[in-house]
Amino acid sequence: MTGKYETKLAELGVTLPNAPAPAANYVPYVQVGDLVFVSGQVSQDDSGFIIGKLGNNVSTKDGATAARTCAIALLAQVKAACGGDLDRLVRVVKLSGFVNSTQDYTEQPTVINGASDFLVEVLGDAGKHARAAVSSPSLPMGVAVEIEGIFQIA
């Protein structure tokens, strides 16, 4: 039986991928009590990494789309942490978003809204969260966006 969150994802045409494996010597998530700390998820889609620099060769709109892919990967990690039952997710506690951007670029919050808006659309009130959206002069593999998150589960 498909849960309420996966039903909503399906309505949006989104299928969660398998949780991405870590790219280095770390774990994809750590659970402490009822909190799950998910390592940074980088922007990627079926074509591969979404690379580029906001304020240079990536538009704010495309950056928000890249951030949305990070949110999808975050949910995939949470689903793995929940033993495959995404409905164990109680709420998104906090996101920290990193935007590969030029020194004078100032629309980092609008970019990270791509993730925040998506999570609220899928999860409703459980998707509302505290957040940081900061600039970075570069990110791993040249990706446009990386987002880490803290989630509460039952």
Restricted to the range 110-154, and to residues that are more than 25 Å from Gly13 (Cα to Cα) and assigned to a helix (DSSP H, G or I), which residue is nearest to the chain's Cα centre (by Cα)?
Pro140
Quick count over the range 86-120, residues being closer than 17 Å to Ile51 by Cβ and either small (Gly, Ala, Ser) or touching a Cys at 6+ places or on another chain (Cβ under 7 Å) (or both), is 3
Any residue at all in the range 59-75 that is without any contact (Cβ under 8 Å) to a residue 24 or more places away in the chain, of a type outside the set (Ser, Thr, Tyr), at positive phi and out of contact with any Lys or Arg (no Cβ under 8 Å at 6 or more places or on another chain)?
no
Test Ala133 against the stated conditions and say whether it is without any contact (Cβ under 8 Å) to a residue 40 or more places away in the chain and in contact with a Ser or Thr (Cβ under 9 Å, 6 or more places away or on another chain).
yes
Criterion first (under 28 Å from Ala154 (Cα atoms), outside any helix (DSSP H, G or I), under 13 Å from the mean Cα position of the chain (by Cα) and not charged (D, E, K, R)) does Ala19 satisfy it?
yes
Quick one: in the range 59-74, which of the residues that are of a type in the set (A, V, I, L, M, F, W, C) and in contact with a strand residue (DSSP E or B) (Cβ under 8 Å, 6 or more places away or on another chain) is farthest from Leu95 (Cα to Cα)?
Ala66
Filtering the range 22-44 for residues that are under 17 Å from the mean Cα position of the chain (by Cα) and modelled with pLDDT under 95 leaves a count of 2
Within the range 29-54, the count of residues that are surrounded by 18 or more Cβ atoms within 10 Å (Cβ to Cβ) and assigned to a loop (DSSP other than H, G, I, E, B) comes to 4
Quick check on the range 67-109: of everything there that is assigned to a helix (DSSP H, G or I) and surrounded by fewer than 18 Cβ atoms within 10 Å (Cβ to Cβ), which residue is farthest from the chain's Cα centre (by Cα)?
Asp87
Out of Gly40, Gly63, which single residue is touching a Phe, Trp or Tyr at 6+ places or on another chain (Cβ under 9 Å) and closer than 18 Å to Met141 by Cβ?
Gly40
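The values are calculated or read from the model by the stated rules, or taken from the named source; none is laboratory data. These numbers come from a predicted model, not from an experiment. All Cβ positions, glycine included, derive from the backbone under ideal geometry; neighbour counts span all protein chains shown.
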